[in-house]
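Beneath this line is the structure, given in structure tokens, with notes to follow.
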Amino acid sequence: PIKYGGEDSLACYAARMYGWKIKNVNSAQVIHHKPTGSANSSSFKKRFNDGRMEFYLGYHPIFQLLKCFKRVFYKPAIIGSILQLLGFWFSFLFDSKSTVANELRSYIKRSQLKHLMGLSLFRKNIFN
């Protein structure tokens, strides 16, 4: 397990890095009784820890900033995105150790930049 979660994202990036194709299974129906990752924390702490998780996984700072901007109206509105940004930058400034391999972290950053370079302002769901 990774300290702040994100195992599923990490597995998808690792599979892509090694040439595997990743597909979403939209026909699978999953019912969550509460938001994922919220078992032991408030929504404020969860959003802060989401930012920390994104740092540890190796998210590119620009990608992370735009992702937070996109989610500004997700609950808790506005403050949630601010907390997510703070969590990312807190980890960057004060706790920069990650257990994720440097090769994979670099791949994640490159993938995100490539994604941002190919964005069209007229597409829906630009950051998934």
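The values are calculated or read from the model by the stated rules, or taken from the named source; none is laboratory data. Only a predicted model underlies this, so the values are computations on that prediction, with no experimental measurement involved. For neighbour counting, all protein chains shown are included, and Cβ atoms are generated from backbone atoms with ideal geometry for every residue, glycine included. Protein only, heavy atoms only, side chains kept; ligands, DNA and RNA dropped before computing areas. Shrake-Rupley method; radii C 1.70, N 1.55, O 1.52, S 1.80 Å.
Looking at Arg123, Arg47 in this structure, which one is open to solvent by less than 50 Å² (accessible area, probe 1.4 Å), of a type in the set (Lys, Arg), over 24 Å from Ala14 (Cβ atoms) and at pLDDT below 95? After applying the criteria, what remains is Arg47. Of all the numbered requirements in (1) on the phi > 0 side of the Ramachandran plot; (2) exposed (fewer than 11 other Cβ atoms within 10 Å of the Cβ), Phe94 misses one, and that requirement is (1).
When Phe69 is tested against (1) open to solvent by less than 20 Å² (accessible area, probe 1.4 Å); (2) of a type outside the set (A, V, I, L, M); (3) without any contact (Cβ under 8 Å) to a residue 24 or more places away in the chain, only condition (1) is not met. Contact annotation: residue pairs with Cβ atoms under 6 Å, 6 or more positions apart or on different chains, pairing a residue in region 83-102 that is within 15 Å of His60 (Cα to Cα) with a partner that is charged (D, E, K, R), are Gln84/Arg47; Gln84/Asp50; Gly87/Arg52; Phe88/Glu54; Ser91/Arg52.
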